[in-house]
1. What's the percent breakdown of Cα-Cα distances in region A:17-226 across 5 Å bins, shortest bin first?
2. Can you list the residues of region A:176-198 with backbone N under 18 Å from a point 7 Å past the Cα of A:Lys213, pointing along Cα to Cβ?
3. So if a site counts as exposed when it's one of the chymotrypsin sites (Phe, Trp or Tyr not before Pro), its DSSP state isn't H, G, I, E or B, and it has at most 12 other Cβ atoms within 10 Å, what's the longest stretch of chain A without one?
4. Quick one: if the Förster radius is 22 Å, what FRET efficiency do B:Asn42 and B:Val173 give, using the C-beta to C-beta distance and rounding to 0.05?
5. Computed over the Cα atoms of region B:157-204, what is the convex hull's projected area averaged over all directions, in nm²?
6. Considering all projection directions equally, how large on average is the shadow of the alpha-carbon convex hull of region B:136-225, in square nanometres?
7. Provide B:Phe23, B:Phe92 in ascending order of the number of other Cβ atoms located within 10 Å of each residue's Cβ, fewest first.
8. Within chain A, which cysteines find no other Cys whose Cβ is under 4.7 angstrom from their own?
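A short reminder: the numbers here are calculations on the coordinates, not readings from a lab. Please read these numbers as outputs of a predicted model, since none were measured by experiment. Cβ placement follows ideal geometry from the backbone for every residue including glycine, while neighbour counts extend to all protein chains displayed.
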Amino acid sequence: MAVKRASGRGATEIRPMAAKVGVIPNADGSAIFAFGDTVAIAAVYGPRQLHPQHMQDPSTGILRCNYDLLSFSVYDRKKPGPSRRSQEISKVTEWALSPVVDLEGFPNTVIDVQIYILQADAGTRTAGINAASLALAHAGIPMKNLVCSISVGKLDKDLVVDVDKSEEDFEGGEGPTDFPIAKIANTDEYTLLQLDGKIQPEVVKKILNLADKACEEIYEVQKKALKGVVQ
Amino acid sequence: MAMSTSNLTIETLNRMFAEGKRFDGRALLDHRKLEVSFEVSNKAEGSARVKLGKTEAVAGIKLALGEPYPDSPDKGNLVVSGDLLPLASPRFEMGPPKFDAIELPRLVDRAIRESHMIELDKLVVTPGEKVWTVYIDIYPINDDGNLIDVATIAAIAALKTAKVPGIDKEGNVDYDTHKAALPISKETAPISFSFFKLGNSIILDPTREEEEACEARVTFGISKWNKQHMINSCQKSRHAVFTRAEIEKMMDLLPEKFDELNDKLKKFL
């Protein structure tokens, strides 16, 4: 039976995506990525000398990510400044991206990735990762590949791709499960796995299949945005 | 979170894991010996001390009256916190919390909250106005690896023994009288499993040395709900990837590992 979504979307239908690079002239690389009403902007600065000096690694450069919501991106104004939530998302974003960047050629340096959410309708960390992946590529950082990220949800027993806020607040049955995933494009290597809810272990395989398909679509959108710059 | 493990140790562990061996003789997916005891503090509404090998943590439950959150007026509140005390390891320092100290209580919180083990709707005194806040506070006593999983067991054990304090005629909490048990599910109680990866090997319940050598971690909170195994929370950490085959293997392992550890845990409860 077809899953009914408040938005009228099909179960595997991603919200309209928008991606653009080169949106912040000061940055070495930058991008905007949107899933419908969720809009993330990212900037990359570096490689540049890492301070404090004792954090420098002579064998490689390091990636440092910062994610946060702008105060007016949500209905209840978010108090400016880092929260425990934003610090956690910053860290998992760093781990989601670091497997694709090759920073051995930049010892003692840092590459700073700044991600901010302009408008939030769930899926902010996944939109942020997609934007950051684009910004890193736009900055010309050596990368094995792009990282693509999507949230797959389970509403009671129904699986849906790209959960929005109304779905995140779903009630009834087995409740809502939100499963943000990131992977290295065109591989079976996953770099972000996070989950809240109630999900049978055997269903995770189906979730990965849905995420794989969605990531193929996201990858095409990312590639198109990057090619736009080259042409 | 300085990774100070020598390359020699990492190479040795990598080779041993590939052969299915560990320094302490365990198989890769074996847990160390579990011990659970209670009543760490008679001032707490419930408390427990959990040892897994040499890793040890205490958890205490405190209840206080407060206002409900605006988005859940008919539910009690749950607050999980933890502090990586310098008591427990030379690695831990005073000062603002580092990432590990932020992540640990958040992972315990999500495992418990999403499992719905605590029946928060039964912790309402006056709907919309006055509800109980359940505080779960977790402290390590000795860190020898796998602290998140040990912290979760300590929290669950403490919850199992927790009681709700009385309320006197003026409406204040009377911590000397405890009447009812804390309303918790009989069936559902989450356990946390952190899988650690080094090279192509995956292990459970690492010692501190093993944990520091590993390149990736993924932590799952899992419980039983309506007779089914349900994953309630998940978080991958560190800079290496997990392949689809590895994730599927962990999905196969989780139910049996849950049943195995849950049986051991039940003996103490």
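1. 1, 8, 16, 19, 20, 16, 10, 6, 3, 1, 0
2. Correct set: A:179-183, A:186-188.
3. A:76-231
4. So the FRET efficiency works out to roughly 0.85.
5. With every direction weighted equally, the projected area is 5.6 nm².
6. 8.0
7. Sorted ascending by nearby Cβ count, the order is B:Phe23, B:Phe92.
8. Result for chain A is A:Cys65, no neighbouring Cys Cβ within the cutoff.
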